[in-house]
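Student: My structure is below; once you've seen it, I'll send some questions.
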Amino acid sequence: MTTDDRLHELFVEAMTSLASGVAVITARKPDGRPCGLAVTAVTSYSAHPPSLLVSVAHVSRCHDALACARRFGVHILRSDELSLAHRFADRRAEDKFGGLDWSWDGDVPELAGTLAYLRCRRSANFARYDHTVLIGDLEGGRLEHGEPLLYARRRMDWLLRRETE
């Protein structure tokens, strides 16, 4: 095993212990259809102005639409939305929006019922290695009640539970 292989294995294993929220990122494709993908690489970027950072793999079918879109949506998933997360994580699915409750928020596909929906205006993006980093300034959205869906240890079914009072 080479040093590069050991570093890669160390990195991958260490990152499995870093719990992340699960989100679905959406945008409008140039042909007008919606696209979306499940991600765990989303985080707050700045509080002033409120902005997010999202990392999107170049191999994603939504990559080009997200990298070019003026606006995109970030849907933070609730703990009971595991099936929605799997749907948008499935690389083979042709129509991820089929049969779902969603609508257009201007030019951004908005999924109904998620824990949070944040509409962002892309303020910057850059390609680095095998991903493109998007920075989006918050324009609007909504927040619902519930607990977030978490991803850790290669599992997307970890639930955050409230402590008993």
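Student: Of the residues in segment 68-126, how many are in a strand (DSSP E or B) and of a type outside the set (Val, Ile, Thr)?
Tutor: Residues flagged as in a strand (DSSP E or B) and of a type outside the set (Val, Ile, Thr) within segment 68-126 amount to 23.
Student: Name the residues in segment 126-153 that are closer than 17 Å to LEU115 by Cα and of a type in the set (A, V, I, L, M, F, W, C), would you?
Tutor: Of everything in segment 126-153, those that are closer than 17 Å to LEU115 by Cα and of a type in the set (A, V, I, L, M, F, W, C) turn out to be LEU138, LEU143, LEU149, LEU150.
Student: I'd like the residue in segment 49-77 that is among the β-branched types (Val, Ile, Thr) and surrounded by fewer than 23 Cβ atoms within 10 Å (Cβ to Cβ) and, out of all such residues, is farthest from the chain's Cα centre (by Cα).
Tutor: Looking at residues that are among the β-branched types (Val, Ile, Thr) and surrounded by fewer than 23 Cβ atoms within 10 Å (Cβ to Cβ), I get VAL59.
Student: Right, another one. State which residue is farthest from GLY99 (Cα to Cα) when the search covers only segment 69-82 and only residues that are of a type outside the set (D, E, K, R) and at pLDDT below 95.
Tutor: The selected residue is SER79.
Student: Looking at (1) surrounded by fewer than 18 Cβ atoms within 10 Å (Cβ to Cβ); (2) in contact (Cβ under 8 Å) with a residue 24 or more places away in the chain; (3) within 18 Å of LYS29 (Cα to Cα); (4) of a type in the set (Asp, Glu), find the lone condition where GLU110 falls short.
Tutor: Here GLU110 meets the rest and fails (1).
Student: Something else: Quick one: would you say SER60 is in contact (Cβ under 8 Å) with a residue 12 or more places away in the chain and in a loop (DSSP other than H, G, I, E, B)?
Tutor: Yes.
Student: In addition: Scan segment 140-152 for residues that are at pLDDT 95 or above, assigned to a strand (DSSP E or B) and farther than 11 Å from LEU52 by Cβ and jot them down.
Tutor: Result: GLY140, ARG142, LEU143.
Student: So, in segment 1-47, of the ones that are in contact with a strand residue (DSSP E or B) (Cβ under 6 Å, 6 or more places away or on another chain) and not in a strand (DSSP E or B), which residue ends up farthest from SER79 (Cα to Cα)?
Tutor: It comes out as LYS29.
The values are calculated or read from the model by the stated rules, or taken from the named source; none is laboratory data. The model shown is predicted, which means the values in this text are computed figures rather than measured ones. Quick reminder, even Gly has a Cβ in these numbers, built from the backbone with ideal geometry, and neighbours come from all protein chains shown.
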